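Participant: The structure that follows is given in the form of structure tokens.
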Amino acid sequence: MEHPPEVSQQLVRRLQWLWLGGAFLLVGGIIVWIIHLIVASWRLDDVIQASVGISIVAIPIFLVFIGVVFYVFWGVALHGGKRED
Amino acid sequence: MAEIRDPHEDILFAPIEHSGPGFYWAVAGLSVLILWGAIAYMVQYTQGLGVTGLHQPVGWGFYVTNFVFFIGISHAGTLISAILRLSKAEWRRPITRMAEVITCMVIFIGAGQILVDLGRPDRMMNVLRHGRYQSPLLWDATSISAYLTASLTYLYLPMIPDIAILRDRLGKRKLLYSVLALGWTGTEHQQKVLNRAIAIMAVLVIPIAISVHSVVSFVFSMTLQPAWHSTIFGPYFVVGAIFSGIAGLIVTMIIFRKAYGLQYYLKPIHFRYLGQLLLIMALLWFYFTFAEYLTGYYGAEPEEMKVFWAKFSGPFWPFFWSMVLCNFVIPLLCLTSLKQHTVGKVLIASLAIIIGMWLERFIIVVPTLSFPRLPFPHGVYAPTWVEWGETAGSLGLFALFYLLFTKFFPIISIWEIREGRENSVKEVEERILSYLPGEVEEKT
């Protein structure tokens, strides 16, 4: 039986970092967009309280998401340790 | 500790390892629906919204109905899964994955309805560049983004151990599984980290899910339109979302139980418990509907009464009474006794509820716009083949995404089933003993 070729661990790790970078990019993009809306409402003097009020709730939520993802990446991929059977 | 391997586990890998003719037939059938949707969208894109039944004063029709409906169905997954996980309902184990996948797939389809409804999708950029947070539409965009991010994370995290199993077992897609498994080997430290992360997400996802459908309701209730301006719209929408979500989950479970032979994992007891939940939600839905319409009727505000009578005995009566039949009468008849023919009864009730909840969304969106408060002439909404095509295409796209997911990842969480066999029986026994009268160990 033919065995499939083993995948390069270096490539796997690089792609994992890329995956994490993508997650940061997504959440970072949303946060930048929310901040942009605050700046726009401030510039136009257009009920900035609404933008700030919603941002105070929304931005920390997105930061918690990315925090959880990073925590899992850190704990599982980087410092998961080796299994002793 | 040695893992207790289930002798029936192979059945969970079977759809990933090979595809039978049924799969290809299903893909072909769904592709036809998607093609119909794509053609409809191309016609609408090139000729404008004039090819649809959307005209003044009814500017929202099928697309917004579908948006609310699909976002509602998305509550099946993450919310139900999180509640069951936090309440340590052990029967959740074969269900949670299916539920979480529904959420992720359906949010994309739901949010896409707004793009379709725009007519000019390029104008979406205006929302990103010049959006204003005074508008509930922007609240929607923010909360749906949060829900989507949370749901994707909440789907992915419990999949890591299963992806590692696939990486070690299968000969194909080695790179994909190796990357996504994050080097999982099942060490104590890894399990601790993952369990903590899942617990955080489970807690976080519940208020986010509730906020999403509350905010969807605010799009309507923040206006002064008759039959929309209501303080209970938020909870009413959330109840309806969970209601339709459970129904959607049950139908999905039954389809895949049959298609993949999962009878060993998805037992009648699971359908009985979900059926009981469905019955509770049916009663709750009826209570909210009754309260909503009674308040409007008692106030007897003239503009409100036009919409009220349009639904009860006017042009929308077939939809309104079908909704009551599908959401209340049929579920009540099917679900009050689930001792026999459990799966069949729960399936009939769930299909009725899915139809009924779509009608409910339609009944909320269209009649109010047909009889607006402002002095516009009254309008009639009749969808064209374009809207039917978009709707069929959206359903096809959802089903195809779901089907493809099952070809890459196990639809039932393997490690959670193993964990259940290894630890939960003892844990549940200890938990039950701790509820019963006996000596109390004080922990302060």
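Participant: Taking the conditions exactly as written (in contact (Cβ under 8 Å) with a residue 12 or more places away in the chain, closer than 22 Å to B:TYR402 by Cβ, hydroxyl-bearing (Ser, Thr, Tyr) and surrounded by fewer than 19 Cβ atoms within 10 Å (Cβ to Cβ)), does B:TYR293 satisfy them or not?
Facilitator: no
Participant: Scan segment B:70-77 and give yes if some residue there is surrounded by fewer than 21 Cβ atoms within 10 Å (Cβ to Cβ) and of a type outside the set (Val, Ile, Thr), otherwise no.
Facilitator: No: segment B:70-77 contains no residue that is surrounded by fewer than 21 Cβ atoms within 10 Å (Cβ to Cβ) and of a type outside the set (Val, Ile, Thr).
Participant: Also, I was wondering about something else. Would you say B:TRP309 is under 19 Å from the mean Cα position of the chain (by Cα) and aromatic (Phe, Trp, Tyr)?
Facilitator: In short, no.
Participant: Which condition number in (1) loosely packed, with under 15 Cβ neighbours inside 10 Å; (2) over 30 Å from B:GLU390 (Cβ atoms); (3) without any contact (Cβ under 8 Å) to a residue 24 or more places away in the chain is the one that B:MET125 fails?
Facilitator: (2)
Participant: A further question on this structure: From B:GLY50, B:GLY72, B:GLY29, grab the single residue that is more than 13 Å from B:GLU390 (Cα to Cα), part of a helix (DSSP H, G or I) and over 23 Å from the mean Cα position of the chain (by Cα).
Facilitator: B:GLY50
Participant: For segment B:106-128, does any single residue satisfy the condition of being assigned to a helix (DSSP H, G or I) and facing chain A (nearest Cβ under 9 Å)?
Facilitator: Checked segment B:106-128: at least one residue is assigned to a helix (DSSP H, G or I) and facing chain A (nearest Cβ under 9 Å).
Participant: Right, another one. With (1) surrounded by fewer than 12 Cβ atoms within 10 Å (Cβ to Cβ); (2) among the aliphatic types (A, V, I, L, M); (3) closer than 18 Å to B:ALA141 by Cβ; (4) at the interface with another protein chain (Cβ under 9 Å from one of its Cβ atoms) as the list, and A:LEU37 as the residue in question, which single condition is left unmet?
Facilitator: It is condition (1) that A:LEU37 fails.
Participant: Of the numbered conditions (1) surrounded by fewer than 20 Cβ atoms within 10 Å (Cβ to Cβ); (2) in contact with a helix residue (DSSP H, G or I) (Cβ under 8 Å, 6 or more places away or on another chain); (3) at pLDDT below 90; (4) not polar (S, T, N, Q), B:GLY234 satisfies every one except a single condition; which is it?
Facilitator: If we test B:GLY234 against (1) surrounded by fewer than 20 Cβ atoms within 10 Å (Cβ to Cβ); (2) in contact with a helix residue (DSSP H, G or I) (Cβ under 8 Å, 6 or more places away or on another chain); (3) at pLDDT below 90; (4) not polar (S, T, N, Q), just (3) comes out false.
Participant: Tell me, please, whether a residue that is in a helix (DSSP H, G or I) and either in contact with a strand residue (DSSP E or B) (Cβ under 7 Å, 6 or more places away or on another chain) or within 30 Å of B:THR384 (Cβ to Cβ) (or both) can be found in segment B:77-100.
Facilitator: no
Participant: Here are B:ALA247, B:ALA282, B:ALA241: which of them is farther than 16 Å from B:THR96 by Cβ, surrounded by 16 or more Cβ atoms within 10 Å (Cβ to Cβ) and in contact with a His (Cβ under 6 Å, 6 or more places away or on another chain)?
Facilitator: B:ALA241 is the lone residue from the list that is farther than 16 Å from B:THR96 by Cβ, surrounded by 16 or more Cβ atoms within 10 Å (Cβ to Cβ) and in contact with a His (Cβ under 6 Å, 6 or more places away or on another chain).
Participant: B:SER19 fails exactly one of the following numbered conditions: (1) modelled with pLDDT of 95 or more; (2) hydroxyl-bearing (Ser, Thr, Tyr); (3) over 30 Å from B:GLY356 (Cβ atoms). What is the number of that condition?
Facilitator: B:SER19 satisfies every listed condition except (1).
Participant: Right, something else. Within the group B:THR153, B:THR231, B:THR149, B:THR187, which residue is over 28 Å from the mean Cα position of the chain (by Cα) and of a type outside the set (A, V, I, L, M, F, W, C)?
Facilitator: B:THR187
Results for (1) surrounded by 12 or more Cβ atoms within 10 Å (Cβ to Cβ); (2) more than 8 Å from chain B (Cβ to nearest Cβ); (3) in a helix (DSSP H, G or I), shown as yes or no for each residue.
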position: A:GLN10; (1), (2), (3): no, yes, yes
position: A:GLN16; (1), (2), (3): yes, no, yes
position: A:LEU20; (1), (2), (3): yes, yes, yes
position: A:ALA23; (1), (2), (3): yes, yes, yes
position: A:SER41; (1), (2), (3): yes, no, yes
position: A:VAL52; (1), (2), (3): yes, yes, yes
position: A:ILE61; (1), (2), (3): yes, no, yes
position: A:VAL64; (1), (2), (3): yes, no, yes
position: A:VAL69; (1), (2), (3): yes, no, yes
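Participant: A follow-up question, please. For residues that are crowded, with 22+ Cβ neighbours inside 10 Å and in contact with a His (Cβ under 8 Å, 6 or more places away or on another chain), scanning just segment B:85-106, find the one that is nearest to B:SER413 (Cα to Cα).
Facilitator: Here the residue is B:PRO94.
Participant: Which ranges mark the helices (runs of 4 or more DSSP H) fully within segment B:132-194 that have 1 or more residues being among the hydrophobic types (A, V, I, L, M, F, W, C), closer than 23 Å to A:TRP33 by Cβ and more than 9 Å from chain A (Cβ to nearest Cβ)?
Facilitator: B:136-156
Participant: Another one. In this structure, does A:ALA40 turn out to be touching a residue at least 24 places away in the same chain (Cβ under 8 Å), closer than 23 Å to B:ASN126 by Cβ and out of contact with any Gly (no Cβ under 6 Å at 6 or more places or on another chain)?
Facilitator: For A:ALA40, the condition - touching a residue at least 24 places away in the same chain (Cβ under 8 Å), closer than 23 Å to B:ASN126 by Cβ and out of contact with any Gly (no Cβ under 6 Å at 6 or more places or on another chain) - is not met.
Participant: When segment B:209-232 is examined, which residues are found to be in contact with a Ser or Thr (Cβ under 7 Å, 6 or more places away or on another chain) and either in contact (Cβ under 8 Å) with a residue 40 or more places away in the chain or over 18 Å from B:MET305 (Cα atoms) (or both)?
Facilitator: Those that are in contact with a Ser or Thr (Cβ under 7 Å, 6 or more places away or on another chain) and either in contact (Cβ under 8 Å) with a residue 40 or more places away in the chain or over 18 Å from B:MET305 (Cα atoms) (or both): B:ALA209, B:SER211, B:VAL212, B:VAL215, B:GLN225, B:PRO226, B:ALA227, B:TRP228, B:SER230.
Participant: Turning to a different aspect of this structure: Can you name every residue in segment B:360-399 that is farther than 27 Å from B:GLN47 by Cα and within 16 Å of the chain's Cα centre (by Cα)?
Facilitator: B:GLU360, B:ARG361, B:ALA399
Participant: Another question, if that's okay. When only residues in segment B:326-352 that are loosely packed, with under 15 Cβ neighbours inside 10 Å and either assigned to a helix (DSSP H, G or I) or basic (Lys, Arg) (or both) count, which is farthest from the chain's Cα centre (by Cα)?
Facilitator: That would be B:LYS339.
The values are calculated or read from the model by the stated rules, or taken from the named source; none is laboratory data. Computed from a predicted structure; not experimentally measured. No Cβ is skipped: glycine too gets one built from the backbone with ideal geometry, and neighbour counts run over all protein chains shown.
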